[in-house]
Amino acid sequence: METVFQPVEHLQSIFGPAINRVSTDHGVPVVHVNTNQILPITRYIHINEEFRGTLSLLWAVDHRPREVRYELWYLFTLGDSKDWLIVSTDLLGDERLFESITPKIHAANWYEREIRDMFGLIAQGHPDLRRLVRHNHWPKGVHPLHKNFPCNSVLQWRQPPGSVDGHFIHGEGVFEVPVGPIHAGIIEPGHFRFTVAGEPIMHLDLQHFWKHRGVEKLFEQQTLSDGVVLAERISGDTTFGHSLTYCQAVESLMDIHVPRRARYLRSLFLELERLHNHIGDVGGLCNDTAYALAHAHCSRLKERVMQLNDHLTGSRFLRGVNCVGGVGIDPPAVQLSDTVTELERIEKDFSELEQIIAVNASLIDRFENTGIVKKQTAWDHGVVGVVGRASGIDRDLRRDRPFAAYDELSVRVAGSINGDVRSRVQVRMAEIHESIRLIGEIQRTLPDGPLKGRRQVVPVPGAWALSAVEGWRGEIVCFLMAGEHEGIHRCKVRDPSFVNWPAIQLAVIGNIIPDFPLINKSFSLSYAGNDL
């Protein structure tokens, strides 16, 4: 408790009159400040050596109709302790303007643009206020997360402009290469506009959000207990990670104690999800270097893991496993034992493949020094997950903010410092072995007991909770605020892709376009999880 409040006392000693009040909810301190002090206070948290705070989430809440105000929330993860600290401020009545922190904290860039699109709140001083989520054919003045915007609205789309809204470089010998949003494979839509002079990439402009689904608005039509099904569909390859994050937020609101056996099973299923995605990504990277044999073997191994998922739960993507209060699946001991035996066989096969990949000169030549994200760049932009750990960011929520049963398991966090494609492959390979080891440890130590806890309280409107899970891509964060009659007033979801997509624009600088698929695959980001 002392470590939680030390940063707050520190802030009060520096910014005393600017801080209106301090509160704590679920152990997370919230510092409520005057709007005109947001920039200096957040900047101080970001750069001061005692804080070294990374902006982990920035979101808005429309408190109507209970209160006529918007609230902005800035969540920081502090450097050494990895504790959370929230700074919040109010925009009262018709107030729509607030000062942008993006010029000082680059990680706020997409968050502030998203808030403008979804709420109509404008970050003054933002260097790039182009639309992010609402493409140009959206009508003006439409902000879907306003409380007075009906979820079943039918919009009258305006014709898109003839020119592309982007940042460009002009000059002799400089030309552009547009790619997408429709791609040759089965990946989802994303537009990449490269600016090159000769072969090296000078600039990459991303345009995503082609399939905005209104997920956060749909959550507001759900009850707290029913929202799990929607959470499972945020990103199909992260069904378990997103549903676990959501369930944990509801359980905090309802003060539910999740039984120990259920927490262990949640860790097991989360590692299975990490496993098949990481193996698939290693194969995908080999495929992008035309090493089809390694890709074929990885596809075979991934399929074996997904068949394990199916045998254990009835779903290859682990749907229907999580529920509020625990899990709905209880595999028998013999099935878990068979799972571990099969994973040992898979690990043996993968280790042989890994040895071949490690010494393949063609692969090393393509992977090494390609798509570098330096540590300082990763920290500046709040990069998380495999991409962050491959660039020297030593963060993993399984160790730093344990959830499920990770407080009773010893997680070995893999990392690297070079920040290139090879580093990201190496981190993934190390995490494959670690996931298999953790699953074995869980199977040996799995306790008996119930699978589901009971709720202790009925959340009052306005009560909120924050939840985070280390998914296979990185940190998944969910902010959940209760509404009337156990409904959802606000659900803010952040897939790790949302913070890592902007970093890919920096990773490609100086590389050649043929290496972009390789760099892109080494990030392995979600379109669906981004296009909420």
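The values are calculated or read from the model by the stated rules, or taken from the named source; none is laboratory data. In this text, all values refer to a predicted model and were calculated from it rather than measured experimentally. Just so you know, the surface numbers come from the protein's heavy atoms only, side chains and all, with ligands and any DNA or RNA stripped out. Shrake-Rupley method; radii C 1.70, N 1.55, O 1.52, S 1.80 Å.
Of the listed residues R263, R66, R113, the order by accessible area with a 1.4 Å probe, largest first, is R66, R263, R113. For region 449-486 and region 377-426, what is the separation of their Cα centres, given in Å? That distance is 24 Å.
Temperature 37 °C, viscosity 0.692 mPa s: under these conditions the Stokes-Einstein estimate for region 52-101, based on its Kirkwood radius over C-alpha pairs, is 273 µm² per second. Summarised in one figure, the compactness ratio Rg/Rh of region 295-417, Cα atoms and Kirkwood Rh, is 1.03. For the chain, the Kirkwood estimate of hydrodynamic radius, built from reciprocal distances between every pair of different alpha carbons, is 24.1 Å. Evaluated over the chain, the count of Lys pairs having alpha-carbon atoms less than 15 Å apart is 4 (only pairs 8 or more residues apart or interchain).
Under a no-solvent Debye model with one identical scatterer per Cα of region 351-487, what's log10 I(q)/I(0) at q = 0.12, 0.21 Å⁻¹? These q points yield log10 I(q)/I(0) values of -0.66, -1.25. Solvent-free Debye calculation, one equal scatterer per alpha-carbon of region 163-298: log10 I(q)/I(0) at 0.11, 0.16 Å⁻¹ equals -0.69, -1.03. Where the alpha-carbon atoms of region 31-127 are placed on the principal axes, they occupy 40, 29, 20 Å, in descending order. Considering only protein heavy atoms and a probe of 1.4 Å, how much of the accessible area of the chain is carbon and sulfur, as a whole percent? Roughly 51 percent, rounded to a whole number. When you work out D = kT/(6 pi eta Rh) for region 96-225 at 37 °C and 0.692 mPa s, using the Kirkwood radius from C-alpha pairs as Rh and the Stokes-Einstein form, the result is 192 µm²/s. Between the alpha-carbon centres of region 8-46 and region 301-315 there is a gap of 47 Å. In Å², and per residue, what accessible area does the chain have when probed at 1.4 Å with the other protein chains present? Spelled out: the 1.4 Å probe surface of the chain, per residue, equals 40 Å².
Given the DSSP H assignment, sum -39500 (n - 2.57) over each helix run of at least 4 residues in the chain and divide by its residue total; what's the result at 222 nm in deg cm²/dmol, nearest 500?
-12000 deg cm²/dmol
Note on region 237-276: semi-axes of the ellipsoid equivalent to its C-alpha gyration tensor, largest first and rounded to whole Å, are 20, 13, 4.
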